[in-house]
1. Scan region 5-26 residue by residue and report those that are surrounded by fewer than 18 Cβ atoms within 10 Å (Cβ to Cβ) and either modelled with pLDDT under 95 or over 17 Å from ARG111 (Cα atoms) (or both).
2. Exactly one of these conditions fails for LYS174: (1) part of a helix (DSSP H, G or I); (2) within 16 Å of the chain's Cα centre (by Cα). Give me its number.
3. Go through region 119-178 and report how many residues are surrounded by fewer than 18 Cβ atoms within 10 Å (Cβ to Cβ), of a type in the set (Lys, Arg) and touching a residue at least 60 places away in the same chain (Cβ under 8 Å).
4. For region 80-98, name all the residues that are more than 16 Å from GLU118 (Cβ to Cβ) and assigned to a loop (DSSP other than H, G, I, E, B).
5. Filtering region 27-55 down to residues that are within 14 Å of the chain's Cα centre (by Cα) and assigned to a strand (DSSP E or B), which residue is surrounded by the fewest Cβ atoms within 10 Å (Cβ to Cβ)?
6. Inspect all residues belonging to region 24-45 and state whether any of them is of a type in the set (A, V, I, L, M, F, W, C), touching a Cys at 6+ places or on another chain (Cβ under 8 Å) and in contact (Cβ under 8 Å) with a residue 12 or more places away in the chain.
7. For region 99-116, name all the residues that are charged (D, E, K, R) and either over 14 Å from the mean Cα position of the chain (by Cα) or assigned to a loop (DSSP other than H, G, I, E, B) (or both).
Amino acid sequence: MEEHCIVPDVIAKAPKCSVSVEYDGGISVKAGMVLTPTQVKDQPCVKWEADNSKLYTLCMTDPDAPSRKDPQFREWHHWLVGNIPGSDVAKGEVLSAYVGSGPPPETGLHRYVFLVYEQRRKLDFDEKRLPNNSGDGRGGFKIATFAKKYALGDPIAGNFYQAEYDDYVPILYKQLGA
């Protein structure tokens with residue numbers, strides 16, 4: 001994460017553990033690998049070493065919106081789920097529904113970062129719930145600020161891939177009403 005500047009662009013220090021991220025078609029995310037928006041259009045299966053008696057928060061964020069050179073919307077969050085029992089994401093509270101990667105044309109590779117935080121207790125999130133058919137409310141997000149607001153501390157696990165524009169992006173933009 002340091003090599004790709006996720007530290008310090010997104011978080012202050014890299015988590016010690018890795019998050020397993022599996023997309024359809026047997027795609028297993030390895031840190032920094034390049035995938036296409038087409039490959040990551042559907043919500044992945046995400047797992048981490050979890051204590052089933054604890055709750056967690058999962059975030060997927062892009063610090064490179066609209067580009068790594070000009071990240072004026074840093075960060076654009078793609079997915080945010082809280083109060084996850086153990087690593088059972090499906091039983092968590094969806095704050096922002098999953099939206100796949102949609103980097104604009106000619107903006108190069110974007111980093112898509114998955115972070116998991118261990119919660120001290122069940123949280124009462126006051127965030128606006130965001131559906132997957134609108135991009136409103138997703139830009140200008142900062143997972144570090146969110147983590148501070150809810151006293152989540154540093155992430156316990158993480159992973160990331162990189163992606164750039166492909167033919168799926170216009171389909172995603174239409175879904176988002178852009």
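The values are calculated or read from the model by the stated rules, or taken from the named source; none is laboratory data. Only a predicted model underlies this, so the values are computations on that prediction, with no experimental measurement involved. Here the Cβ is made from the backbone with ideal geometry for all residues, glycine too, and neighbour counts use every protein chain on show.
1. CYS5, VAL7, PRO8, ASP9, ALA12, LYS13, ALA14, LYS16, CYS17, ASP24, GLY25, GLY26
2. The number of the failed condition is (2).
3. Qualifying residue count for the region: 3.
4. Matches in region 80-98: ALA97, TYR98.
5. Residue satisfying both the conditions and the ranking: CYS45.
6. no
7. Within region 99-116, just GLU106 meets the criteria.
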